[in-house]
Amino acid sequence: MVIGTCTIQLYFSESGSLKRKRQFLKRIKDRVRNKFNVSIAEIKDNDLWQRTTVGVSTVANDSRFVNEILSKVVEQIEGENGVEVLDYQIEIL
């Protein structure tokens, strides 16, 4: 069993409030969950209205597949309007 985690730091340039940030984040989390069948949650910077850190995890039997899924998740988020990926880190356990 291979477990993959990805920590992604995001910046919401168009967010002017926590409510707006949560709307952006909910949209992103729903799309990622539905498309890739992974777990995703906000794990840091909950009270900042333009930045956040999300954690994504998945489990499979092949490390290459896990890495591919997490890389595609990052690409999906990078393609979202109004959000910028500042940094990300993928770990395979």
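Some observations on this one:
- Near pairs, Cβ below 8 angstrom, 6+ apart or cross-chain, from the stretch 1-28 (in contact (Cβ under 8 Å) with a residue 12 or more places away in the chain) to any residue that is surrounded by fewer than 16 Cβ atoms within 10 Å (Cβ to Cβ) and of a type in the set (S, T, N, Q): Met1/Asn61; Val2/Asn61; Val2/Ser63; Gly4/Ser63; Cys6/Gln89; Thr7/Gln89
- Applying the set (1) modelled with pLDDT of 95 or more; (2) under 15 Å from Ile77 (Cα atoms) to Ser13 leaves exactly one unmet item: (1).
- Answer from Phe65, Phe36, Phe24 - the residue that is surrounded by 18 or more Cβ atoms within 10 Å (Cβ to Cβ) and of a type in the set (A, V, I, L, M, F, W, C): Phe24
- Scanning the stretch 52-64 for residues that are modelled with pLDDT under 95 and either in a helix (DSSP H, G or I) or within 10 Å of the chain's Cα centre (by Cα) (or both) turns up nothing.
- Residue selected from the stretch 48-84 under the condition among the small types (Gly, Ala, Ser) and in contact (Cβ under 8 Å) with a residue 60 or more places away in the chain, by the criterion farthest from Asn34 (Cα to Cα): Ser63
The values are calculated or read from the model by the stated rules, or taken from the named source; none is laboratory data. Bear in mind the structure is a predicted one, so any value in this text is a computation, not a measurement. Using ideal geometry, Cβ is built from the backbone for each residue, glycine included, and neighbour counts are taken over all protein chains shown.
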